[in-house]
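Below you'll find the structure, written out as structure tokens, and then a few comments.
The values are calculated or read from the model by the stated rules, or taken from the named source; none is laboratory data. Just so we're clear, the structure is a prediction, and the values are computed from it rather than from any experiment. Virtual Cβ from ideal backbone geometry, glycine too; neighbours counted across all protein chains shown. Only protein heavy atoms, including side chains, enter the accessible area calculation; ligands, DNA and RNA are left aside. Shrake-Rupley method; radii C 1.70, N 1.55, O 1.52, S 1.80 Å.
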Amino acid sequence: MIIGSSLIRSFRVRLRTFFVAVLVLYGAPSTTAAQTAQQLEILRQNPALVPQYIQQSGFTSEQIRAQLMARGYPADLLDAFLADSRSGSQAQVTSATWLGLQALGLDSAVAEGLEDIQVQAGVVSGRTVSQRDAGLQLFGLNAFRRSTVFQPVLSGPVPPNYRLGPGDILVLVLTGDVELAHELAVTREGYIIIPQVGQLAVNNLTMDQLNGLLRTRLGRSYSGIRTGTTRFDVTVARLRTNQVFVSGEVGQPGSYQLSSVATVLNALYAAGGPTSRANFRRIQVRRQNQTVANLDLYGYLLRADTEADIMLEQGDIVFVATQGPRVKVTGAVIRPAIYEIRGDETLTDLVRMAGGFRATAELSRISVFRTLAPEDRPSGPAPRAVIDVPLSAGAEGDENAVGRVSVPQFAIEDGDSVAVDYITSVERSLTVRIGGMVTKPGEYPWQDGISLRDLVLLARGPRVGADLSEAEIARLPTDRSQGELAVRFRVPLDSSYLYERGPDGQYVGPAGLTFPPAGTAAEVPLMPFDAITIFRQPEFELQRTVWITGEVLYPGPYALTRKDERVSELVDRAGGFLPTAYLDGARFYRRGEVAFGTVDPQQVRRVNLELAMAT
């Protein structure tokens, strides 16, 4: 029994491997056998993912069944996972389910949704910490992952709000009645000592306040300051360094010696930036047990807003707390990522954080997948629900407008996953196909009300030699019980289908069959997946050209007048032989046979010709 069981298991493994190989050969070329097997196994363990991917595709149940039928699959192949089924989360994923997803083009979406991408989260105690989150990166995390440190600007004058402190070196220059220059160091107690003037307390003064203080004190010692014959100028020649502390969720928490003009951002860059567990929306600066500033990194990352990026002082603590509520944004947005939200932010704010909609976004709704509270969860393995948020056209002055779309002020919660659908591509949507004698044959999107005339116009009209008496339409049958793949029927056309016309409205092109007059053919509405064939006129061909060279009166190219025209007739058209013609040396060359629908012009063959007898 044990041997038999092992043989059965081995056979199942081999069968599964064979099936995966078939998927690789006939499925998406970018998917390897290992990836396909992994994706299929994950879907088998989590069958509730299948209806989620189907719902994100934007197809209705009727469209899904129609596409499956058009591709030769049973229409009910995915019925257990459709929105109108009650067993979506209970159905089992089989190999046939994967084939159905491939037929709808959803296998690439499944692969994208199940792909894991490493997201760097900084270096902690010499080891790299990483986070895996279904292919999405935490917004703002990589902004601090650079090899160079974001240093403050140390050249030029100090900012107007710069406050002096112990360790700064000042230069005082007096000109006019006296010519003096003094280098003044701010002492530990916050004083500077000016020769012949005395000691001045400058700690925590701005440069404007220092200039006012110097004008008063220097005026007591130099009368020219009061009369204007003596001028002075004071600058900061060398900046002090402050010891600040960075703690919490940063790559390298600890104590840092930073320039006195360094800001909160400089400290974060020096400490390796926030980790993947950090709160990006509330970076606290504590000074003497008081919170003096809260920095929202999203203001800096999204809008270059550094209003709250204050300069740090001696002993300041930059504290990064653990993460707040986070939401995923996927699909047709400029910047899909994981975003941290504040309590007052809505779906409108979230879409703006993601950069707005792509041009290929399907702008009728947004899907919000939400993890239900324990008391609201239904029985079964799927503790999530999907909420469809409708969108509308954005009016001028609409505060909820993102681009030209109005997004409702829908409240979002921690753990939500927001999906913005793409417009369904031509290959995955309802289409019609036209072939034969048209300028641009191929597949075109089907729209309600599209007619055969519209499709011919999209295909840039009939080609020269088209037969516009009738066309054939192959349509999907309503009943396939007899194995029928298509129902064929022909519809009349008329001369109004001609595309090339001159300024007078008359057809421009070679003469051919007489077409029915314009207006005699009724409009023909098309159905999804109709295949139209425009026929060629019987016996219609453009000119065939042959060459005659050598000892004839008029050598050159000649167009054949009939399919059975002979060499002797061509010689007569060329004016006959010259007296110097050597008929026994005549050579006749014919292009090689057609192979696989193409002709190689280099492949020619010589045909023996008794020209004297022929003439």
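Overview of values
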quantity	calculated
Residues being open to solvent by less than 100 Å² (accessible area, probe 1.4 Å), among the hydrophobic types (A, V, I, L, M, F, W, C) and closer than 16 Å to Phe588 by Cβ - total across the range 526-571	7
Residues (more than 19 Å from the chain's Cα centre (by Cα), surrounded by 17 or more Cβ atoms within 10 Å (Cβ to Cβ) and assigned to a strand (DSSP E or B)) located in the range 346-383	Val368, Phe369, Arg370
Restricting the range 572-590 to residues that are open to solvent by 60 Å² or more (accessible area, probe 1.4 Å) and under 60 Å from the mean Cα position of the chain (by Cα), the residue that is nearest to Ile548 (Cα to Cα)	Tyr589
Top-ranked residue in the range 214-236 [being under 60 Å from the mean Cα position of the chain (by Cα) and open to solvent by 50 Å² or more (accessible area, probe 1.4 Å); ranked as farthest from Pro160 (Cα to Cα)]	Asp233
Number of the condition not met by Ser155 [criteria: (1) at pLDDT below 85; (2) within 13 Å of Ser260 (Cβ to Cβ)]	(2)
Strands (runs of 3 or more DSSP E) wholly inside the range 165-224 containing at least 2 residues that are within 22 Å of Ala262 (Cα to Cα) and touching a residue at least 12 places away in the same chain (Cβ under 8 Å)	169-176
Conditions (1) touching a Pro at 6+ places or on another chain (Cβ under 7 Å); (2) at pLDDT 95 or above: number failed by Val318	(1)
Residue match in the range 418-429 (condition: surrounded by 17 or more Cβ atoms within 10 Å (Cβ to Cβ) and more than 18 Å from the chain's Cα centre (by Cα))	yes
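Results for (1) closer than 28 Å to Pro74 by Cβ; (2) modelled with pLDDT of 85 or more, shown as yes or no for each residue.
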residue	(1), (2)
Thr431	yes, yes
Gly436	no, yes
Arg463	no, yes
Pro517	no, no
